[in-house]
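The values are calculated or read from the model by the stated rules, or taken from the named source; none is laboratory data. What you see is a predicted model; the values in this text were computed from it and never measured. So basically every Cβ, Gly included, is an ideal-geometry build from the backbone, and we count neighbours across all protein chains shown. Note: accessible area is taken over every heavy atom of the protein model, side chains too, but ligands, DNA and RNA are not part of it. Shrake-Rupley method; radii C 1.70, N 1.55, O 1.52, S 1.80 Å.
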Amino acid sequence: MAKTGTTTQGLRAAIERSGYYPALVAEAVEAAVGGEPVVSYLVHQETTFDSNEVRRHVTVLVLTGTRFIVSHTDEQAADATSPSPYATTSTESVKIGRISSVVLSRVVANPESYTPGTLPREVVLTIGWGAVSRIDLEPAACGDPNCDADHGYTGSSTADDLSLRVSEAGDGPDTVRQTLAFAQALSEATAATAR
């Protein structure tokens, strides 16, 4: 489930509608937002299956005039450290000027007959601000198949701070639309700070 909008009251209502520990999630997000007006937000709940357990995760993305706020809440089963189930909530506040990339990947069925405005069947929103980077390395090689010299390593570094996937089949068409709207608002905000 994802909801997007532009008001603090709407943000709280979307968190409550998600039904996922709304008091806990709202308190954490509202503390991070502080007194700033909300420009746009997205609430996305994801259910995963871990062995014999069902686990829920909610991501709340908030755009203010100066910051991008991301909040994650996960539930955990009782374990050796806690005799009862518990939830973990984290929030991160990033200055809009620090956002280095907003990538929106769209998956479209039957691209040969695509018409502008058609809703993608899936979107992946990836946002990078330099907090997390992934480095993929592999041995370098030359074109000679008989060469056994050490050519070092080659690889790439990718900023991958947040990646959020929504699909029409799994989350519904409204969720896809809402993710597109949030991505556009965030892209516009980062472009405005680059001027």
With the structure loaded, tell me whether Tyr86 is open to solvent by 70 Å² or more (accessible area, probe 1.4 Å), in contact with an Asp or Glu (Cβ under 9 Å, 6 or more places away or on another chain) and in contact (Cβ under 8 Å) with a residue 12 or more places away in the chain or whether it fails that test. no
Kindly indicate the residue of the stretch 4-15 that is touching a helix residue (DSSP H, G or I) at 6+ places or on another chain (Cβ under 8 Å) and open to solvent by 60 Å² or more (accessible area, probe 1.4 Å) and also modelled with the highest pLDDT among those meeting that condition. Arg12
His72 versus (1) open to solvent by less than 60 Å² (accessible area, probe 1.4 Å); (2) touching a residue at least 24 places away in the same chain (Cβ under 8 Å); (3) under 14 Å from Asp161 (Cβ atoms): which is the lone unmet condition? (2)
In the stretch 133-142, residue farthest from Val70 (Cα to Cα) [restricted to those that are open to solvent by 80 Å² or more (accessible area, probe 1.4 Å) and modelled with pLDDT under 80]: Pro139
May I ask you to list pairs of residues, at least six apart or on different chains, whose Cβ atoms are under 6 Å apart, with the first in the stretch 43-60 being touching a residue at least 40 places away in the same chain (Cβ under 8 Å) and the second being among the basic types (Lys, Arg)? Val43/Lys3
Of all residues being more than 19 Å from the chain's Cα centre (by Cα) and farther than 19 Å from Phe182 by Cβ in the stretch 23-48, which is surrounded by the most Cβ atoms within 10 Å (Cβ to Cβ)? Just the residue, please. Leu24
Return the residues of the stretch 66-92 that are hydroxyl-bearing (Ser, Thr, Tyr) and either touching a helix residue (DSSP H, G or I) at 6+ places or on another chain (Cβ under 8 Å) or closer than 30 Å to Pro37 by Cβ (or both); say none if nothing qualifies. Thr66, Ser71, Thr73, Thr88, Thr89, Ser90, Thr91
Hey, among the residues in the stretch 94-132 that are open to solvent by 60 Å² or more (accessible area, probe 1.4 Å) and in a strand (DSSP E or B), which one's nearest to Leu61 (Cα to Cα)? Lys95
If you check Ser18 against the conditions, is it open to solvent by 10 Å² or more (accessible area, probe 1.4 Å), over 23 Å from Ala181 (Cα atoms) and polar (S, T, N, Q)? no
Cβ contacts < 6 Å: first residue farther than 24 Å from Val39 by Cα, restricted to the stretch 96-122; second residue of a type in the set (Lys, Arg) and part of a loop (DSSP other than H, G, I, E, B), any location; separation 6+ or different chain. Result? Val107/Arg121; Ala109/Arg121
Candidate set from the stretch 59-69 (those that are in a strand (DSSP E or B) and not aromatic (Phe, Trp, Tyr)); member that is most open to solvent (accessible area, probe 1.4 Å): Arg67
If you go through the stretch 19-37 one residue at a time, do you hit one that is modelled with pLDDT under 90 and either β-branched (Val, Ile, Thr) or touching a strand residue (DSSP E or B) at 6+ places or on another chain (Cβ under 9 Å) (or both)? yes
